[in-house]
Amino acid sequence: MSLDITSHTGRPGTDELVPSRYALRVGEIDVLVISDGVFPLAAATLATNADPADLAAWLDDRLQPKDVYKWPLNVVVVRSGGRTVLIDSGAGSEFPDFPGVGQLATRLDAAGIDPASVTDVVLTHLHVDHVGGLLADGLRGRLRPGVPIHLAAAEAGFWSSPDFSRNTFGGFPDVLRSAEERFVNVYRSQLRPFEKEYEVAPGVVVCRTGGHTPGHSVVRLASGGDRLTFLGDAVFPDHFDHPDWHNAFDHDPEEAVRVRVSLLRELAETGEPLMAAHLPFPSVGRVAVAGNVFRFVPADWEY
């Protein structure tokens, strides 16, 4: 029996077999999580410093194959104070061999969101699966001219002369470098770098954390008494059980662990909900402490 169900999109918002978007509110802020799809990578990319037997056991406990893990990829659209903010842009057309990813443009249409209505773009970092959508024809030509793109200055600085010496992701540096170079060539005049944090819209603040990449950032939403944090790539599905595991795409693995543990401890203490780029869609949940590690508690869907 196969549980591999394909999402079919067509007329806006009418005929998706599998939901690709999930809406919620944070006080007066409207939030829409959109799945860019999933793409399969070698399971070893989840934890390069783990004992292979431990990683195999973690995958087996979740009834996942031991050789390939399907990475979810989530993008967020936020509306606050008359502004519409796109947070990350998915993979676009950068992985033609993985047709299950790069669905953002189609799924924005299905959600009834005109890319021209986007007033701001926030990039948590410049990895290809977060900027690729901005390079794809389905989105690139439909954004309003000159839309500002907010990212940490440390991220822009790193990619001007990237150092991959601490990474373990095989041939991916070429893909990463190519996408980043093309992105900067297209959008250089629209980049709006910030140092530590920047309020993009009322209650929508992007904050540099570093770790996964030098300028990796999270986005904190706050309105009234409600809070929610989009963690970008600070946490992957295995990191609740094993926060010390190094993801293959962490540019500074030890710093990534420090940032991850700090964020998870904070969220466990406050009870604030979170989302993340690579947690299973829609990725909304909370963190609980489980002994010396953590536990992800998915939020109940509200229909």
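Give segment 221-255 a look and list any residue that's of a type in the set (A, V, I, L, M) and open to solvent by 20 Å² or more (accessible area, probe 1.4 Å), or say none.
Passing the criteria: only 222.
Restricting attention to segment 203-215, which residues are open to solvent by less than 10 Å² (accessible area, probe 1.4 Å) and within 14 Å of residue 125 (Cβ to Cβ)?
206, 210, 211, 212, 213, 215 - these are the residues of segment 203-215 that are open to solvent by less than 10 Å² (accessible area, probe 1.4 Å) and within 14 Å of residue 125 (Cβ to Cβ).
Is it the case that some residue within segment 215-233 is under 15 Å from the mean Cα position of the chain (by Cα), under 21 Å from residue 69 (Cα atoms) and not hydrophobic (A, V, I, L, M, F, W, C)?
The answer is yes, given that some residue of segment 215-233 is under 15 Å from the mean Cα position of the chain (by Cα), under 21 Å from residue 69 (Cα atoms) and not hydrophobic (A, V, I, L, M, F, W, C).
Can you spot a residue in segment 137-149 that is within 18 Å of residue 182 (Cβ to Cβ), open to solvent by 40 Å² or more (accessible area, probe 1.4 Å), touching a residue at least 24 places away in the same chain (Cβ under 8 Å) and small (Gly, Ala, Ser)?
No, the conditions are met nowhere in segment 137-149.
Does residue 200 satisfy being open to solvent by 30 Å² or more (accessible area, probe 1.4 Å) and either of a type outside the set (A, V, I, L, M) or outside any helix (DSSP H, G or I) (or both)?
Taking the combined requirement at face value, the residue does not satisfy it.
Cβ contacts < 9 Å: first residue closer than 29 Å to residue 106 by Cβ and in contact (Cβ under 8 Å) with a residue 40 or more places away in the chain, restricted to segment 54-79; second residue open to solvent by 50 Å² or more (accessible area, probe 1.4 Å) and basic (Lys, Arg), any location; separation 6+ or different chain. Result?
77/21
Which one of these does residue 218 not meet: (1) open to solvent by less than 10 Å² (accessible area, probe 1.4 Å); (2) farther than 19 Å from residue 128 by Cα; (3) not small (Gly, Ala, Ser)?
For residue 218, the failing item is (2).
Has segment 22-43 got at least one residue that is touching a residue at least 40 places away in the same chain (Cβ under 8 Å), part of a helix (DSSP H, G or I) and among the small types (Gly, Ala, Ser)?
Checked segment 22-43: no residue is touching a residue at least 40 places away in the same chain (Cβ under 8 Å), part of a helix (DSSP H, G or I) and among the small types (Gly, Ala, Ser).
Restricting the first residue to segment 115-134 and requiring it to be under 17 Å from residue 35 (Cβ atoms), which pairs with a second residue that is open to solvent by 10 Å² or more (accessible area, probe 1.4 Å) and among the acidic types (Asp, Glu) meet a Cβ separation below 6 Å and a spacing of at least six or different chains?
From segment 115-134, the pairs are 132/94.
Filter segment 186-197 down to residues that are open to solvent by 20 Å² or more (accessible area, probe 1.4 Å) and within 15 Å of residue 148 (Cα to Cα), then give me how many there are.
Adding up the residues that qualify gives 7.
The values are calculated or read from the model by the stated rules, or taken from the named source; none is laboratory data. Bear in mind that the values here come from a model prediction, so they are computed numbers and not experimental data. In this analysis, Cβ positions are derived from the backbone assuming ideal geometry, glycine residues included, and neighbour counts consider all displayed protein chains. Surface accessibility is based on the protein's heavy atoms, side chains included, excluding ligands, DNA and RNA. Shrake-Rupley method; radii C 1.70, N 1.55, O 1.52, S 1.80 Å.
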